[in-house]
Every structure is written in structure tokens, then in C-alpha cells.
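Notes follow the structure.
The values are calculated or read from the model by the stated rules, or taken from the named source; none is laboratory data. A quick note: this is a predicted structure, and the numbers were derived from the prediction, not measured. Cβ placement follows ideal geometry from the backbone for every residue including glycine, while neighbour counts extend to all protein chains displayed.
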Amino acid sequence: MKAILLPTDFSSNSLNAIEYAVAMFQDQPCNFYLLNVQKASSFISDDMLVVDSSATIYKTLVDAAKKSIENIITTQQQKNPNKRHHFFSIVDYDNFVDAINQAVEKHQIDLIVMGTKGATGLDRILFGSNTVHVINRCKTPILAIPKNCRYEGLRKVAFTANHIALYNSETLLAMKSILKKHDANLTILHLADKHSIASKQSINLAFFDEHFSDARHEYIDAEDKDIVSAITEYMYLNNFKMLGMVKKQHSFFERLLKTYPEEQIAYNFNFPFLVMTNVE
């Protein structure tokens, strides 16, 4: 039984990420945990001194959030009836990332699926804000779904590999599971630049041959080119449906954030990003 965490602020983009996750795991037994995080600053100001009043406002908003989640669950169950899927509602009053980490630990979450652009009413959620904060502070694999991205199967998956650190099977477990469940073809995009270490590249190639023996290998000179444009163009031209990467120094994800403004990332990239944390 997969445990999937679905953070939602009830924006259209977070709802689209939920739709994507439900479709992606349609053939797998899953527990979906829908999480909404309420922030004190959004409804309790410094001049509110009456505890009872504050508590009443808090309860009102939490109850409203719970009702909104239940409405989402009902809609999903009506649109996509699936006896393999079970939905659970979580409303937390906490820092956004802390709430996610607590839910991950409590419910033994395997994967976090979240949208990369949305709106909470007061805060704008872009690829470079909430999503990045979660990626930087959470060790659980994260599948980031861009605005308007629809699930269209996962027959072709790409993975960016730059040989700074060694890969291991635990780090790439989420990607391996997705490949197996969807019978997907993997292409490993090797990024060669000044940070690559020849000895580690050799060891990593042996690792990929052992654990991803059917994968294709493409080599991209990342030193003199706009690597972000090169990879995204390659993916679009070859009809890839997902890009996997490992979060580490000089990684593709790090370059992505440094190269493009948040708005451009949110609007121009239309395939899911699976971001995994390197397990030493």
C-alpha cells in the first residue's frame, strides 16, 4: 500500500496535482493523505487578546478547511471510483514545511505530490517558494506537478546524472518503483562538466548497468551550453513524460533555480519533476 501525501491550498494547481496523482496510481493500492496547513498569521493578528475569540476563529477556519478537503475527496471518489484508493483528511496549524515533515513521519509517506504554482489567498506558491522549501527540507521523494500538466502515462522517463557523488539503490528507489509499475523506459542523461569526477562516473555507470540495465544513455556537454534549455528541449522533442533528479550540489535542479526566474519555470516547464534526496 503506497502512502501518498497531497498538500493542498485548494488552488486549481494543487487540485490538478491531486488529479495527476490519482490517475498516476490508478492501478496501485494507495492511501492518499490530503493536507491543508493553516497559518496563525492569516487570521490572528497581534492585537487579538481575547483567547476565546481567537480559538473560535481558529476552529471556524479549520472546520472550513476540513469541509473543503472532504469535498475534494467526495469529488475524486465520484469521478474515479477505485476500491484500491483510500483518502484521509489532515488539517494542521503549523509552519508549512514542518507540517509536511510531521505528516511524513506519522503516516510513513512514500511520496509527496504537489503543484508548483497556486495561490492561498495571501501567498503565491511558485516553483521557487513552497515547493523548493519542501524539497530542501524534506528527505521524502517529491513529485512536482507544473500548472496544467495532465497525466498521459509514463512510458518515457529521463533522469539527469552528473557525477559529483555516487548513486545508490536507496536514493533512486522511488524512480525505480515508478519505472516498474508503469513499465516505463528510462533514459539517463549524463551531464559532463567541470564538476564531474571521472572515477565516480565509472562507478556510477557500473551501478546503472546493474540496477537499470535496460536504460538508454545520452551524454550532454554541460560546460559550454545552457544545460537547462538543452535538457528541456531534448525532453520535449523525444516526448518524455517525467524528469527525475537527485538533489545535491551542482545538480540540474540547482541549476534550474539559478538559471530561470520563478515565473518562467512555473509557466514554461510542463512535465513533472521527481526530486530525490541523495542517501549517503
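So the values come out like this:
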{"read-out": "Residue match in segment 107-122 (condition: among the acidic types (Asp, Glu) and either modelled with pLDDT of 90 or more or within 20 Å of the chain's Cα centre (by Cα) (or both))", "value": "yes"}
{"read-out": "Close pairs (7 angstrom Cβ cut-off, 6 or more residues apart or separate chains): at positive phi in segment 142-157, of a type in the set (Lys, Arg) and surrounded by 13 or more Cβ atoms within 10 Å (Cβ to Cβ) anywhere", "value": "GLY153/LYS241"}
{"read-out": "Residues satisfying the stated conditions in segment 146-195, i.e. polar (S, T, N, Q) and in contact with a strand residue (DSSP E or B) (Cβ under 8 Å, 6 or more places away or on another chain)", "value": "THR160, ASN162, THR171, ASN185, THR187"}
{"read-out": "Evaluation of GLU223 against (1) surrounded by 14 or more Cβ atoms within 10 Å (Cβ to Cβ); (2) at pLDDT below 65; (3) in contact with a strand residue (DSSP E or B) (Cβ under 9 Å, 6 or more places away or on another chain) (one fails), failing number", "value": "(1)"}
{"read-out": "Filter result (under 21 Å from ASN270 (Cβ atoms) and not in a helix (DSSP H, G or I)) within segment 10-25", "value": "SER11, PHE25"}
{"read-out": "Residue that is modelled with the lowest pLDDT, among those in segment 227-258 that are assigned to a helix (DSSP H, G or I) and surrounded by fewer than 13 Cβ atoms within 10 Å (Cβ to Cβ)", "value": "LYS258"}
{"read-out": "Count of segment 204-218 residues which are over 18 Å from ILE164 (Cβ atoms) and in a helix (DSSP H, G or I)", "value": "3"}
{"read-out": "All positions within segment 52-75 that are modelled with pLDDT of 95 or more and either of a type in the set (Phe, Trp, Tyr) or in contact with a helix residue (DSSP H, G or I) (Cβ under 7 Å, 6 or more places away or on another chain) (or both)", "value": "ILE72"}
